[in-house]
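Taking it in order: structure first as structure tokens, then the write-up.
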Amino acid sequence: MNTLQRTMRSTTNDDLRSKPVAKLSGEELAARLNGTAISVIKDAWSKGDYITYFDEHLCPDERHMIHEFPDRKELVVIDKEGKSHFVKIL
């Protein structure tokens, strides 16, 4: 019995899908994950959720985080119990 196996491999070395994640540069990894990140953000926003992240340019220290909604960004501070408290709209 003969079988035909088809694979979706790129013959170019520039295809980011052909490189192991550990061998990607920071820029290559960001490019590879960009589509997934956009999908996750849109999904969260469609459910009324927000995205939380640290931005060294906007957060005065590591206790502060950004909550990003579709229409605004908020600076929050995280207390010792892990609860966030509104500081201001950015």
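List of remarks:
- A Förster radius of 22 Å, combined with the Cβ-Cβ distance separating residue 85 from residue 55, puts the computed FRET efficiency at roughly 0.80.
- Shown in residue order for region 28-36 are the 3J(HN,Hα) couplings computed by the Karplus curve 6.51 cos²θ - 1.76 cosθ + 1.60 at θ = phi - 60°: 5, 5, 4, 5, 5, 8, 3, x, 5 Hz (x for Gly and Pro).
- Between residue 36 and residue 17, the contour length at 0.36 nm per residue exceeds the alpha carbon distance by 5.5 nm.
Read-outs throughout are calculated quantities, based only on the coordinates presented, and are distinct from any laboratory measurement. Note that this is a predicted model, so its numbers are computed, not measured. Neighbour counts run over all protein chains shown; Cβ positions are idealised from the backbone, glycine included.
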